[in-house]
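I have placed the structure first, in the form of structure tokens, so that the comments after it can refer back to it.
The values are calculated or read from the model by the stated rules, or taken from the named source; none is laboratory data. Treat the numbers as computed from the prediction; the structure is a model and nothing was measured. Using ideal geometry, Cβ is built from the backbone for each residue, glycine included, and neighbour counts are taken over all protein chains shown.
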């Protein structure tokens with residue numbers, strides 16, 4: 001018997017994410033798509049306690065499905081954008 005090869009059930013080629021700050025937490029909404037196969041996609045939403053954790057969640061999904069950086073779009077909506085920056 002030959003080696004067992006992992007074959008993912010779904011293949012995604014695009015990742016669209018939105019990080020929204022709400023009352024001190026961050027909602028991460030993600031949608032993954034396969035631009036070569038219409039109708040193949042998935043979406044989900046999760047809560048993160050920091051923008052760093054939200055970013056790590058998106059990175060993890062991109063790595064899991066081998067989505068290249070140029071195929072990822074992220075929008076960020078913050079209550080006060082200056083709160084998330086270093087001065």
Problem set entry | Any pair with Cβ under 9 angstrom, 6 or more apart, that starts in the stretch 52-65 at a residue that is touching a residue at least 24 places away in the same chain (Cβ under 8 Å) and ends at one that is surrounded by fewer than 13 Cβ atoms within 10 Å (Cβ to Cβ) and in a helix (DSSP H, G or I) | 62/69
For this session: Among the residues of the stretch 68-77, count how many are surrounded by 11 or more Cβ atoms within 10 Å (Cβ to Cβ) and under 19 Å from residue 48 (Cβ atoms).
Result: 5
For this session: Inspect the stretch 32-44 for any residue being touching a strand residue (DSSP E or B) at 6+ places or on another chain (Cβ under 9 Å), in a strand (DSSP E or B) and at pLDDT 95 or above and give the result as yes or no.
Result: no
Exercise. What is the one condition in (1) in a helix (DSSP H, G or I); (2) at pLDDT 90 or above that residue 83 does not satisfy?
Worked result: (2)
